[in-house]
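Below: one structure, written as structure tokens.
The values are calculated or read from the model by the stated rules, or taken from the named source; none is laboratory data. None of the values given here were measured: they were computed from a predicted structure. Virtual Cβ from ideal backbone geometry, glycine too; neighbours counted across all protein chains shown.
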Amino acid sequence: MKKLNLETAEILAGKMRSELLRVSATEPLNMKTVLRQLNVMTLYRPLSDKLFGLSLLTPDKKHRFMLVNSNSRRGRQHFTIAHELYHLYYDENPQPHFCDNSIYTDAVERSANLFASALLMPKEGLLKNIPSNEIVGKSVSIDTLLRMEHLYGASHHTLVVRLKELRIISPVSADELLAISITQEAALRGYDVELYSKGNEGLVIGDFGSKARKLFDEERISEGHYLELLNLIGYGEGQNHTTYLTTIDFLYYAMKRGKMSAEECEQFVKDVVAKGSKLPTVDFEHYLPNNQV
Ligand SMILES: [Zn+2]
């Protein structure tokens, strides 16, 4: 698919709403409900600040997996989920990758963001909620902004950017709105400020473990990505000893399949241990795997 523009993003998001989600063009989406409805296995885990999420799709396109940074603010999490849905449903060549702040340079990431904005904050819905005088003045009041943020579960930043991109507000107005302390303004007006805080750590939607394994079995993801995933979801760093062996087993097979040399596997383990993880050091030349993969 070619790079999206505002118009095509709007159409695509409208199609997802009507054909897959069976909701109207303007109604607010509950993203957890959407994930359940679409049967996307989702895990919320704390990731570093720069990362928002990750998604994976099996080659038969039957199984979808998503990882969401629980350290992001909840409003931002909703946006991440919508962004990943673009990769899962419309990205022609989805590559397992962490979605981060590279959006301004990467055309696919930019398309995913345009889609996410249109899906979460539909233009018609926004216009309905903005008084005529504010439309004419190309600026919205904090009250209007807060009402829309809470209606659509959107982060302050993504909503202001959306309004600017739709040219509903001027760039100057957008800058002014971005500069305010939205949590404080929300609290002053009696809004629940949960939308602006992190959360959902450890939450799992769907049957996760077997899905990640299936992705690996089908070689959709590399051993490196699989190990990364295992670590992220806690399988690679838990208290259970067999989990470590499983991780090592994957390294062993990565080596056997010629994807990593014995030296690379050993170096990998050393690096992991150096970073504070508890993987045992293994002599790969003499290692017998614990699990067949
Ligand atoms: Zn992305």
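Some notes on this structure:
- Pick from region 86-135, criterion at pLDDT below 90 and among the β-branched types (Val, Ile, Thr), ranking: surrounded by the fewest Cβ atoms within 10 Å (Cβ to Cβ): 105
- Selection status of residue 174, assigned by TED's automatic domain parsing to the domain that holds residue 33, within 16 Å of the ligand (Cβ to nearest atom) and either part of a loop (DSSP other than H, G, I, E, B) or crowded, with 16+ Cβ neighbours inside 10 Å (or both): no
- Helices (runs of 4 or more DSSP H) enclosed by region 9-120 - at least 3 residues per element that are within 16 Å of the ligand (Cβ to nearest atom) and either of a type in the set (Ser, Thr, Tyr) or outside the structural domain of residue 147 (by TED's automatic domain parsing) (or both): 74-89
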